[in-house]
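Notes to accompany the following structure.
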Amino acid sequence: MQIRDAAGNELVTSIELISPTNKRNPGLGLYRQKRDRLQRAGVHLLEIDLIRRGTRPGADEDWPTSNYVMSLIRRHHAQAEMWPLSVRDRLPVLPVPLRAPDPDVPLDLPTALATIYDEAYYELENNVATRVSLIEKYPHMVVNRTFSKAYGLAGFRVGYLLCDPKLASYFNRVRFPWNVSLVAIAAALAALEDVEDLERKRQNIIKGREYIFEEINRIPGMRAFPSEGNFVLIDASVLNKDSSEIRDRMAAKAIYIRPMSGHNMSQGFIRITVGSPDQNQLFIQTFKEYIREVMDIEF
């Protein structure tokens, strides 16, 4: 986003929302060049980095090691103002500098981001509910969905956004050209039309996660959490094993789970994706065998 002088159309402030492309090469190098050009031109630079992975563009500076960071480099200032954030911190209200003598104006990130609703698991809810009807009342609001979950089209990397047509025109201006293949578009359209197939997949996941939830909670010391997604979160900390170790032992049996240590969860938390009934039963059987081996108990 750019803020320009009304009289001379001169760029005053650039607000950059850092993307994953900006944090890995070759995109990282290109963005750093842009960053240098803006600073040399005397432009205020406000950067919002809400991406945990990758290299921060200002890595050569004294940047914090927090999960997220916002920074402001005012024109002709070498030192940046920093707002480091952890995953649990509330987003700040940031100052947006203008041309002197005009004062800074506030950028209310909590309000701005509260208008984006993620409905990735919308179709898998026990009682399906959507906020799409609010778009007519709040034209600045957007709802995003994916074909990767209930539709089972994760390999196509395709989704869609529901929003006001005027707002959609702005997204079209900044999206990458040919960002979705014709094959992916055809698959997505076919999936939308096949309502019966979606309902079959939906029921398979709902019944599968209920089965895993009930079976895990029958095991002494284990705890499965209620889910309305295509996975079940399990607290296996009673095993006194690191999540990655549990993953490796299960992978040796051709059962692939996700360790949750990378999501700042405690030791022993794992996640299993719901599969077919046979796959779900195989997971429970294999996991029980592993538990008996580690804890030397019968149940």
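The values are calculated or read from the model by the stated rules, or taken from the named source; none is laboratory data. Predicted model, so just to flag it, every value in this text is computed and none were measured. Backbone-built Cβ (ideal geometry, glycine too); neighbour counts: all protein chains shown.
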Inset, instruction - Name the single residue, out of those in the range 55-93 being surrounded by 11 or more Cβ atoms within 10 Å (Cβ to Cβ), touching a residue at least 24 places away in the same chain (Cβ under 8 Å) and among the β-branched types (Val, Ile, Thr), that is nearest to GLU10 (Cα to Cα). - result: ILE73
Inset, instruction - Go through ARG90, ARG53 for me and flag whichever is in a loop (DSSP other than H, G, I, E, B) and modelled with pLDDT of 85 or more. - result: ARG90
Inset, instruction - Please work out if HIS140 is surrounded by fewer than 16 Cβ atoms within 10 Å (Cβ to Cβ), assigned by TED's automatic domain parsing to the domain that holds PRO20 and in a loop (DSSP other than H, G, I, E, B). - result: no
Inset, instruction - May I ask you to verify whether ASP118 is closer than 30 Å to THR13 by Cα and modelled with pLDDT of 90 or more? - result: yes
Inset, instruction - Could you please let me know if VAL180 is surrounded by 15 or more Cβ atoms within 10 Å (Cβ to Cβ), farther than 25 Å from ASN126 by Cα, not polar (S, T, N, Q) and not assigned by TED's automatic domain parsing to the domain that holds ILE291? - result: yes
Legend entry - Subset of the range 260-288 that is within 18 Å of the chain's Cα centre (by Cα) and modelled with pLDDT under 95 - its residue that is nearest to ARG209 (Cα to Cα): MET260
Legend entry - Wholly within the range 151-222, helices (runs of 4 or more DSSP H) carrying at least 3 residues that are of a type outside the set (Ser, Thr, Tyr) and touching a residue at least 12 places away in the same chain (Cβ under 8 Å): 182-193, 195-217
Legend entry - ALA236 vs. criteria out of contact with any Ser or Thr (no Cβ under 6 Å at 6 or more places or on another chain), under 25 Å from GLU298 (Cα atoms) and surrounded by fewer than 13 Cβ atoms within 10 Å (Cβ to Cβ): no
Legend entry - The lone exception for VAL96 - which of (1) in the same structural domain as HIS44 (by TED's automatic domain parsing); (2) surrounded by 11 or more Cβ atoms within 10 Å (Cβ to Cβ); (3) farther than 28 Å from GLY29 by Cβ it fails: (3)
Inset, instruction - State whether one or more residues within the range 18-33 are surrounded by 15 or more Cβ atoms within 10 Å (Cβ to Cβ), of a type in the set (Lys, Arg), outside any loop (DSSP other than H, G, I, E, B) and not assigned by TED's automatic domain parsing to the domain that holds PHE176. - result: yes
Inset, instruction - Please give the number of the condition VAL174 fails out of (1) under 30 Å from PRO92 (Cα atoms); (2) hydrophobic (A, V, I, L, M, F, W, C); (3) surrounded by 17 or more Cβ atoms within 10 Å (Cβ to Cβ). - result: (3)
